[in-house]
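Here's the structure we're looking at; comments come further down.
The values are calculated or read from the model by the stated rules, or taken from the named source; none is laboratory data. Fair warning: this is a prediction, and the values are worked out from it, not measured in the lab. Note that we place each Cβ from the backbone using ideal geometry, even for glycine, and neighbour counts take in every protein chain shown.
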């Protein structure tokens with residue numbers, strides 16, 4: 001009889017969370033790590049480059065190179081439309 005790992009026995013609130021809630025939680029983890037790296041003296045552009053590399057590498061492992069390349073082709077338009085802009089000021 002296979003044993004269930006201890007972590008699977010715990011009640012994990014993120015397991016029950018919606019997709020949007022899990023994405024927000026994931027972003028919070030990334031932003032916390034980012035702040036810690038900046039505090040430790042790592043330049044934000046170095047952190048950004050590493051984060052983009054890590055994200056793309058993980059996505060390629062999961063989905064393959066071509067689907068990720070197609071997604072990346074849409075990034076300029078999404079950037080220009082402000083999808084990744086935080087704290088926009090609207091007048």
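Here are a few things to note about the model shown:
- Within the stretch 49-68, being surrounded by fewer than 12 Cβ atoms within 10 Å (Cβ to Cβ) and over 16 Å from residue 26 (Cα atoms) holds for 49, 53, 57, 61, 62, 64, 65, 66.
- Every test in (1) outside any helix (DSSP H, G or I); (2) at pLDDT below 95; (3) surrounded by 11 or more Cβ atoms within 10 Å (Cβ to Cβ) is passed by residue 87 save one, and that test is (3).
- Residues that are over 21 Å from residue 31 (Cα atoms) and either in contact (Cβ under 8 Å) with a residue 60 or more places away in the chain or not in a helix (DSSP H, G or I) (or both), drawn from the stretch 69-83: 74, 81
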